Protein chains: 2
Amino acid sequence: MATADHEVAENGNVEPPRSSLIFLGTGCSSALPNAMCLIQPSDPPCHVCSQSLSIPPEQNPNYRCNTSLLIDYCGGDGDHKYILIDVGKTFREQVLRWFTYHKIPQVDSVILTHEHADAVLGLDDIRAVQSYSSTNDIDPTPIYLSQDAMESIAVKFPYLIKKKLKAGQEIRRVAQLDWKIVENDCKKPFIASGLQFFPLPVMHGEDYVCLGFLFGERCRVAYISDISRFLPPTEYYISKDGGGQLDLLILDTLYKVSLVISYW
Amino acid sequence: MATADHEVAENGNVEPPRSSLIFLGTGCSSALPNAMCLIQPSDPPCHVCSQSLSIPPEQNPNYRCNTSLLIDYCGGDGDHKYILIDVGKTFREQVLRWFTYHKIPQVDSVILTHEHADAVLGLDDIRAVQSYSSTNDIDPTPIYLSQDAMESIAVKFPYLIKKKLKAGQEIRRVAQLDWKIVENDCKKPFIASGLQFFPLPVMHGEDYVCLGFLFGERCRVAYISDISRFLPPTEYYISKDGGGQLDLLILDTLYKVSLVISYW
């Protein structure tokens, strides 16, 4: 981790701050433990889930919240920016546990992979990491998403989109977000908090497109958090022959995913 | 608590099982602790919120999830039914902590007070307390709500409402719910899992009506979890001169609420 101005390496040398990745969650859409394994335990009980009652989450690799990545991006000026990918149902729990553990002071921008519950249902709690204003008079946090996701979220969270109140409607404190549409196209990058991201559209079930993202300055990182099948343009773009050799591929899939790994 | 067939009283006598109320949450809409008090602490730090890092939630009265009540209803036949009022953003956390602590094996029916995030945004996780079926072939859980709440939830959670899939749409496992409309009328009771409830419409801000509920066989209990002002029919109905003397009034309000307490 590199949240202080400088950190001390294992060899004792003082090193300049650097970027890092914090996995806030790597679980499935219902997260782990599975509640039914605890309230109606089988005989013998589920080994994975029953551990959650005895091993604290921070020591238990099988305690997994909804998939989410926090990029602690340290740019050329040494400043840290915190870029959050996905805001699922367990977002508040992830903030309380991991933001405090890693001393993360803020969220500078948000990126969404898709609009399913496990990726967006924590959006109401973005206000929990924003400054307090009873009149909502704060700078909005930029949030990047596809047009399809935007249309879905506009009906799920109308109060996070519409700024004008109806006649007689009371002001309620809600998250302030600046919605920015990105294209489902590997060749249409965008900049979030100073870092460039390339969308990586993939199939998430055969009826649904979800986005992954390619980013990194010194390292070429692909983050694809909910995939059932690669689309040819994305598979090519993250290959050696396409956009160039990856340094790190982060892939999360509920079942199997077909991938010609010889590309790497 | 009375989840076993019989329980032992303090005097050592074995008593028949009885009903009880379990407060799953009594916090505000953003719940406690406030994340900003932890990730950008003031000097001195907030005494209430900073405790959440040192005192376990089950021992800390200031660790408060979204408002929610679980009624453990033991009817004349000795069977226990579990009736959940509200399913907010922190529902899953409440299940993991309190269902396991109190040995609650299931949810038999759900009642909603209104359709704000702190009352309904955990609905996706109702599947976490339902039997597993990849084809959603399980008995749905009855859920009681007002027509206004139904209309809002139908756009927020279309996949929890519509049963028919579009052509080409994949089956995804989702919560199975049987939606039942109740009227905003103290004189129109309904039965949930064998227990009768009377709706208690109240103002929640001057632009919004929220429901409380009156219930109980041997005790007359009013549960009103999000109120800014009483409406005259409800105030009269829960008064001595209206529906009869209350045994227990549970009232949760963010700011103050005007109430002529001489009624009680």
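Here, each number is a calculation from the coordinates, and none is a lab measurement. Since the structure is predicted, the reported quantities are computational estimates derived from the model, not experimental observations. Note that we place each Cβ from the backbone using ideal geometry, even for glycine, and neighbour counts take in every protein chain shown.
Rounded, prolate or oblate: which fits region B:132-173 when a ≥ b ≥ c are the square roots of the eigenvalues of the alpha-carbon gyration tensor, with rounded for a/c under 1.5 and prolate only if a/b beats b/c?
Verdict is oblate for region B:132-173.
Return the FRET efficiency for the residue pair B:E206, B:N62: r is the Cβ-Cβ distance, R0 is 41 Å, and the value is rounded to the nearest 0.05.
E between B:E206 and B:N62, to the nearest 0.05, is 0.85.
Using a Gaussian network model on chain A with a 10 Å cutoff between Cα atoms, which of A:P232, A:P44, A:P201 fluctuates the most?
A:P44
Which whole number gives the average count of other chain Cβ atoms within 10 Å of the Cβ atoms across peptide B:48-55?
Going residue by residue through B:48-55 and averaging, the value is 1.
What distance in nm lies between label points placed 7 Å from Cα along the C-beta direction at A:E15 and B:S42?
3.8 nm
What share of the DSSP beta bridges in the protein assembly as shown is antiparallel, in percent to the nearest 5?
65 percent
Provide the percentage of antiparallel DSSP beta bridges, counting only those with both residues in chain A; round to the nearest 5.
Among the beta bridges of chain A, antiparallel pairing accounts for roughly 65 percent.
In terms of modelled amide H atoms, which long-range or inter-chain residues lie less than 5 Å from the amide H of A:V110?
Residues meeting the amide H criterion: A:L84, A:I143, A:Y144.
P(r) of region A:123-264 in 5 Å steps, Cα pairs, percent per bin?
Reading upward from the zero bin: 2, 8, 16, 18, 16, 13, 9, 8, 5, 3, 1, 0, 0.
Distances from A:E58 to the same position in the other copies: list them in nm, one decimal, shortest first, using label points 7 Å from Cα along Cα→Cβ.
Copy-to-copy label distances at A:E58, shortest first: 1.9 nm.
Restricting the count to DSSP beta bridges whose residues both fall in region A:139-264, what percent are antiparallel, rounded to a multiple of 5?
60 percent
For chain A, count all C-alpha to C-alpha pairs, find those more than 30 Å apart, and express that count as a whole percent of the total.
Here the long-distance tail beyond 30 Å is 34 percent of all Cα pairs in chain A.
Among A:S50, A:S68, A:S42, which one shows the highest mean-square fluctuation when chain A is modelled as a Gaussian network with alpha-carbon springs under 10 Å?
Of A:S50, A:S68, A:S42, the most mobile in the Gaussian network model is A:S42.
Kindly identify region A:56-211 as rounded, prolate or oblate by the Cα gyration tensor criterion: order the square roots of the eigenvalues as a ≥ b ≥ c, call it rounded if a/c is under 1.5, otherwise compare a/b with b/c, prolate if a/b is larger, else oblate.
rounded
Considering only DSSP states other than H, G, I, E and B, which trypsin sites (Lys or Arg not before Pro) in region A:152-230 qualify as loop sites with at most 13 other Cβ atoms within 10 Å?
A:K162, A:K163, A:K164, A:K166, A:K187, A:R218
Please list, in order along region B:183-192, the HN-Hα scalar couplings obtained from phi with the Karplus expression 6.51 cos²θ - 1.76 cosθ + 1.60 (θ = phi - 60°), rounded to whole Hz, x for Gly and Pro.
Going residue by residue, I get 8, 7, 8, 4, 9, 10, x, 9, 10, 10 Hz, with x marking Gly and Pro.
State whether region B:51-97 is rounded, prolate or oblate according to the following rule on the C-alpha gyration tensor (a ≥ b ≥ c being the square roots of its eigenvalues): a/c under 1.5 gives rounded; otherwise a/b larger than b/c gives prolate, and the remaining case gives oblate.
It is prolate, given that a/c is not under 1.5 and a/b is the larger ratio.
Using only Cα atoms, what is the ratio of the radius of gyration of the protein assembly as shown to 2.2 N^0.38 Å?
Against the compact-globule rule of thumb, the ratio is 1.03.
Distances from B:K103 to the same residue in each other copy, label points 7 Å out along Cα→Cβ, in nm, shortest first?
4.6
Using a Förster distance of 56 Å, how high is the FRET efficiency between A:S133 and B:T135, based on the Cβ-Cβ distance and rounded to 0.05?
Once rounded, the FRET efficiency stands at 0.75.
Using the C-alpha gyration tensor of region B:74-163, what are the square roots of 5 times its eigenvalues, in whole angstrom, with the largest one first?
With the √(5λ) rule applied to region B:74-163, the semi-axes are 22, 16, 15 Å.
Kindly give the distances from A:Q169 to its copy-mates, label point to label point, with each label point 7 Å from Cα along Cα→Cβ, as nm values to one decimal ordered shortest first.
Copy-to-copy label distances for A:Q169: 2.7 nm.
Work out the mean other chain Cβ neighbour count within 10 Å for the residues of B:30-36 and drop it here as an integer.
Taking all residues of B:30-36 together, the mean is 5.
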